[in-house]
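Shown next, in structure tokens, is the structure this report addresses.
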Amino acid sequence: MSATPFVFSVLILQLLFASQPCHRFLAAAADGRWQLLQKSIGVSAMHMQLLRNDRVVVFDRTDFGPSKLPLPNGKCRNDPSDTALKVDCTAHSVEYDVLTNTFRPLMVQTDVWCSSGAIMPSGNLVQTGGFNDGERRVRTFSPCSTCDWQETPNGLAAKRWYASNHILPDGRQIVVGGRRQFNYEFVPKTITANTFSLPFLLQTSERGVENNLYPFVFLNVDGNLFIFANNRAILLDFMKNKVVKTYPTIPGGDPRSYPSTGSAVLLPLKNLKAAAIQAEVLVCGGAPKGSYVQAVRGKFIGALNTCARIKITDPNPQWVMETMPLARVMGDMILLPNGNVLLINGAGSGTAGWELGRNPVLNPVLYKPDNKTGTRFETQNPTTVPRLYHSTAALLRDGRVLVGGSNPHAFYNLTGVLFPTELSLEAFSPAYLDTKFNNIRPTITAPKSMSGIKYGTKLTVRVVITGKVAKNQVSVTMVAPAFNTHSFSMNQRLLVLGNDKVAALGKATYDIDVTTPRSGNLAPSGFYLLFVVHQGIPSKGIWVKLQ
């Protein structure tokens, strides 16, 4: 009897929340805040990429059947080879405008399911592969208010499904692996259109399960590629097609790649003027060996609760293990402007795959790489929306993290299932965006957004900080916008430029002198978000083009 008023109150609160418009706040505290941006964009966000005009390209797959967003002006996609719908008058891609919280439908011609991509030095999104008629396509999306997808048939030499991409110092994009593809190739093509054999991918493929798809690929500071698949990694000289280093297997030997999907980041690169720059990789979560087969049989094994960290530039590199506060499979790892890492989305048991995840992990976790071991993890406020298989996340220029997707079904299933197809977009605001930090938060006044910067030169960044300034706690960072899908943010990269000098100019204005990265091995040419961080609190970013 005493419980009845409580239940009634809960129902009233739920009805009030359900009736609120978009941009409502779901939770607020010192550990981050959630905000519903759009209840539905009509498309499930399986892939996500921020562009230099502060718009985010989102897409799922063309063979989901009809989406909940019509194409404009009576347009339809006519595709005789589509496995679900030959004539489809709905969109499977949208462009989300961050600044206005609006979106418009886009039109992809072929199936982009489980594809990959990266932003080219020009600022265009070049996106590769997919399923069925999309497996050898190269697609381009340019940042403009009326642009749409452009497609190149046979732009790839091999069929690419579940591959990973990265921008190289010479401006090309490398495409690594994919289902039954133990090789790599380059986009755009130069003299040769051949693929290059990579036996490591065959060696890490498990019969019937694979566990080496969407390999974690990072450009090392020496210009070689760190490639992680399953439970181990190599350093590849892609120009000579030669493995120059083989790393140890992660302790425990459990797989971390799709479908035992963990996530990984290249930790922030620092001391960029040093003769020898250190690079570290962090791999977190995943599913124990055998989890995929067990999940197919209806038994959902608990996810891994460990992270493995390795200094990939060391002469004798070794993995160092850490324990997360929450086990997580299918989580995303996002580099924040202040150098911390956000672990977000995912499940507590099962694996990637249709209907194979259970126990959604609603709480993000913050990882502070510079803290002492044992004090690096902080659990954040939870969302109310499960984000399982086919979820995405991306850092925005204002420091929020855009979160979308989650469709663990072969089609759009919005009712009558354990975890309905999710069409909403949310934003997670880390605690550094709390208004109590406004007096120490920098505001960049120069250079202007879209300014060009050169390699290895002095750059002066002017900021306004209204409160007391700790000059030794002022730093400039640069972040490459990442292509996010299947728990991996391709081409994600953060460089800490630090500060050479901080000069007070009066009226709360300061000039910060920094030195830009010295080569494309540290930061390939292209568009970056530049932030000023003061006492761990970042400014809003500005776009700069490194060239």
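The values are calculated or read from the model by the stated rules, or taken from the named source; none is laboratory data. Being a predicted model, the structure only gives us computed values, none of them experimental. Quick reminder, even Gly has a Cβ in these numbers, built from the backbone with ideal geometry, and neighbours come from all protein chains shown. Heads up: the accessible areas ignore ligands, DNA and RNA and are worked out on the full protein's heavy atoms, side chains in. Shrake-Rupley method; radii C 1.70, N 1.55, O 1.52, S 1.80 Å.
Below, the figures for the structure above:
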| quantity | calculated |
| --- | --- |
| Sequence ranges 57-64, 359-366, ranked by mean other-Cβ count within 10 angstrom, highest first | 57-64, 359-366 |
| Three-way shape call for region 282-384 based on the alpha-carbon gyration tensor, with the a/c threshold at 1.5 | oblate |
| Region 327-348 versus region 418-459: alpha-carbon centroid distance in Å | 17 Å |
| Rough spin-label spacing in nm, given labels placed 7 Å along Cα→Cβ, for residue 68 and residue 249 | 4.5 nm |
| Residues residue 100 and residue 450, FRET efficiency given R0 of 22 Å [Cβ-Cβ distance, rounded to 0.05] | 0.70 |
| Distance (nanometres) between label positions extended 7 Å along Cα→Cβ at residue 508 and residue 206 | 5.6 nm |
| Stokes-Einstein D for region 437-546, Kirkwood Rh over Cα pairs, 20 °C, 1.002 mPa s (µm²/s) | 150 µm²/s |
| Relative contact order computed over the chain (Cα-Cα under 8 Å; 6+ residues apart), in percent | 14 percent |
| Span from the region 361-376 Cα centroid across to the region 206-254 one, whole angstrom | 25 Å |
| Residue 440 accessible area, 1.4 Å probe, all protein chains in place, Å² to nearest 10 | 30 Å² |
| Local electrostatic count, residue 205, Cβ distance below 15 Å [Lys/Arg +1, Asp/Glu -1] | +4 |
| Formal net charge of residues neighbouring residue 178 (Cβ-Cβ distance under 9 Å; K, R +1; D, E -1) | +3 |
| Rounded, prolate or oblate (a/c below 1.5 giving rounded, otherwise prolate when a/b exceeds b/c) for region 100-184 by Cα gyration tensor | oblate |
| 13 Å beta-carbon shell around residue 400, net charge (K/R +1, D/E -1) | -1 |
| Given 368/471; 189/240; 189/458; 189/540, the pairs whose alpha carbons are separated by over 26 Å | 189/458; 189/540 |
| Peptides ranked, highest mean first, by Cβ atoms within 10 Å: ranges 468-481, 217-230 | 217-230, 468-481 |
| Ordering of 93-101, 538-546 by burial proxy (mean other Cβ atoms within 10 Å per residue, highest first) | 538-546, 93-101 |
| Projected label distance in nm at residue 84 and residue 415, using a 7 Å step from Cα toward the beta-carbon | 1.9 nm |
| Value of relative contact order over region 437-546, rounded to a whole percent, pairs C-alpha under 8 Å and six or more apart | 37 percent |
| Mean-position separation - Cα centroids, region 272-324 and region 516-547, in angstrom | 27 Å |
| Helix-only CD estimate at 222 nm, as mean residue ellipticity for the chain, using -39500 (n - 2.57) per DSSP H run (n ≥ 4) | -1500 deg cm²/dmol |
| Of (1) 30.4; (2) 26.3; (3) 33.3, the label for mean projected area of the Cα convex hull in nm² derived from the coordinates | (2) |
